[in-house]
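Undergrad: I'd like to ask some things about the structure below.
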Amino acid sequence: GGGRRWKMLSELVLESRRNRALKLLPNLEPKYPSGRELRELARLAKVAEPSIFGRHILAIIRDAHLNNVALRKLSIPKVRKKLQSVKKNAQRLRNTLKSIDVGTNGSAEYAGMLLEHEIAGFRLNGEMVLIPDYVQLLDALENAASSAAKLPKTKKGPKWGAFDRFIEALLMAALQRRGHWTNSNLAGNWSGSLLKALEILRPYLPNDFFPVAVLGRSVERVRENFKDYLTEKRTSPV
C-alpha cells in the first residue's frame, strides 16, 4: 500500500543522506575509545562478544558527531524559511526556462537553443536532459518544497535530538547483544552502569553534547521513551 511505499522511499532517502554525511566525518576529526575502554563498556553493559559491541560503540560515536552537526540549533521557523526559499527559486527558474523554450520566438527561443546545445552532453540515467525535463523536475521540486514546509508543527526543533539518539543507540546496542544498562535514582542521587559508561565516552563526544539538566534524569527520560517505542507507543521520527 501507500504507507509501505512511503516507508521504503523514506528508508532510501535516509540511507542516501547517511552516505553523504559520512563523507563529512573526516572534517569533524572524531576520536575513539581505546581497546581497554571498549572492553570496560562491554562489561558495564553486560554483553557477550565485546569486540562486536566495541565496533558498535565506535559507530555510535561517529553518528553522534554527525547528528550533533545536523540537529544542533535546529529551528522549525528557519526550516520553513529554507523550504519556502527553495519553492520560490524553483518556481522562478522553472518560469525562466519555460520563457526560452520552443515557441517563445526570437531572442528568447534562440537563448533556449544555445542553452540546450550546452547541456545536451549531460546525461541522467543515460538519458539526455533538456529544457522540458528541467521544467518538469523544477515543478516537482516546487511542489515537494511546498508540502515539506507544511510538515513541521512546532516552533522549535524536534525534542528527539542528537543526545536522545545517542542514548537510544546505546540502549539498542546493549539490547541486541542481550545485555542491559542500569540507571537508578536513590534519594535524588542518580547512579548506574549507563552513567559510568557516559563518563568514559564523554571525551569522545562533541563539546557541550550532554544536556545541562541532571544527566541521570535526562537519561531516564530517553529510557522511558525508548520503552514506549519498543512497545509501539511512540513512532520514531524521520
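Undergrad: Kindly list the number of the only condition in (1) open to solvent by 90 Å² or more (accessible area, probe 1.4 Å); (2) closer than 29 Å to Gly179 by Cβ; (3) not charged (D, E, K, R) that fails for Ser34.
TA: Evaluating Ser34 over (1) open to solvent by 90 Å² or more (accessible area, probe 1.4 Å); (2) closer than 29 Å to Gly179 by Cβ; (3) not charged (D, E, K, R) leaves (1) as the failure.
Undergrad: Quick one: which of Arg72, Arg20, Arg92 is open to solvent by 60 Å² or more (accessible area, probe 1.4 Å), at pLDDT below 95 and over 30 Å from Lys196 (Cβ atoms)? Reasoning before the result, please.
TA: Values: Arg72 fails: over 30 Å from Lys196 (Cβ atoms); Arg92 fails: at pLDDT below 95.
Answer to the selection: Arg20.
Undergrad: Taking interchain pairs and intrachain pairs at least six residues apart, which have beta carbon atoms under 7 angstrom, with the first residue in the range 15-44 and touching a residue at least 12 places away in the same chain (Cβ under 8 Å) and among the hydroxyl-bearing types (Ser, Thr, Tyr) and the second surrounded by 10 or more Cβ atoms within 10 Å (Cβ to Cβ) and not in a loop (DSSP other than H, G, I, E, B)?
TA: Final answer for the pair search is Tyr32/Leu58; Tyr32/Ile61; Tyr32/Tyr204.
Undergrad: All but one of (1) open to solvent by 80 Å² or more (accessible area, probe 1.4 Å); (2) assigned to a helix (DSSP H, G or I); (3) at pLDDT below 95 hold for Met113; which doesn't?
TA: With (1) open to solvent by 80 Å² or more (accessible area, probe 1.4 Å); (2) assigned to a helix (DSSP H, G or I); (3) at pLDDT below 95 applied to Met113, the lone miss is (3).
Undergrad: Looking only at residues in the range 229-238 that are under 20 Å from Leu175 (Cβ atoms) and open to solvent by 90 Å² or more (accessible area, probe 1.4 Å), which one is modelled with the highest pLDDT?
TA: Step by step, filter the range 229-238, then rank; the result is Glu232.
Undergrad: Do the conditions hold for Leu175, that is, is it assigned to a helix (DSSP H, G or I) and modelled with pLDDT of 95 or more?
TA: Working: assigned to a helix (DSSP H, G or I): yes; modelled with pLDDT of 95 or more: no.
Judged against the criteria, Leu175 is not a match.
Undergrad: State which residue pairs qualify: first residue closer than 14 Å to Pro132 by Cβ and among the hydroxyl-bearing types (Ser, Thr, Tyr) and inside the range 75-101, second residue modelled with pLDDT of 95 or more and surrounded by fewer than 17 Cβ atoms within 10 Å (Cβ to Cβ) in any location, beta carbons under 8 Å apart, and separation of 6 or more residues or different chains.
TA: Ser99/Ala108
Undergrad: For Lys78, indicate whether it is open to solvent by 70 Å² or more (accessible area, probe 1.4 Å), in contact with a helix residue (DSSP H, G or I) (Cβ under 8 Å, 6 or more places away or on another chain) and of a type outside the set (Ser, Thr, Tyr).
TA: Details: open to solvent by 70 Å² or more (accessible area, probe 1.4 Å): yes; in contact with a helix residue (DSSP H, G or I) (Cβ under 8 Å, 6 or more places away or on another chain): no; of a type outside the set (Ser, Thr, Tyr): yes.
No; evaluated as a whole, the condition is false for this residue.
Undergrad: Which one of the conditions (1) over 28 Å from the mean Cα position of the chain (by Cα); (2) at pLDDT 95 or above; (3) open to solvent by less than 80 Å² (accessible area, probe 1.4 Å); (4) small (Gly, Ala, Ser) does Ser107 fail to meet, given that it meets all the rest?
TA: (3) is the only condition that Ser107 fails.
Undergrad: For the range 184-228, name all the residues that are closer than 15 Å to Arg165 by Cβ, open to solvent by 20 Å² or more (accessible area, probe 1.4 Å) and either free of Cβ contacts under 8 Å to residues at least 12 places away in the same chain or in contact with a strand residue (DSSP E or B) (Cβ under 9 Å, 6 or more places away or on another chain) (or both).
TA: Arg221
Undergrad: Taking Asp164 as meeting all but one of (1) in contact with a strand residue (DSSP E or B) (Cβ under 8 Å, 6 or more places away or on another chain); (2) among the acidic types (Asp, Glu); (3) open to solvent by less than 20 Å² (accessible area, probe 1.4 Å), write down the number of the exception.
TA: (1)
The values are calculated or read from the model by the stated rules, or taken from the named source; none is laboratory data. None of the values given here were measured: they were computed from a predicted structure. Cβ atoms come from the backbone with ideal geometry, glycine included; neighbour counts cover every protein chain shown. When the accessible area is computed, the model is the full protein with side chains, heavy atoms only, and any ligands, DNA or RNA have been set aside. Shrake-Rupley method; radii C 1.70, N 1.55, O 1.52, S 1.80 Å.
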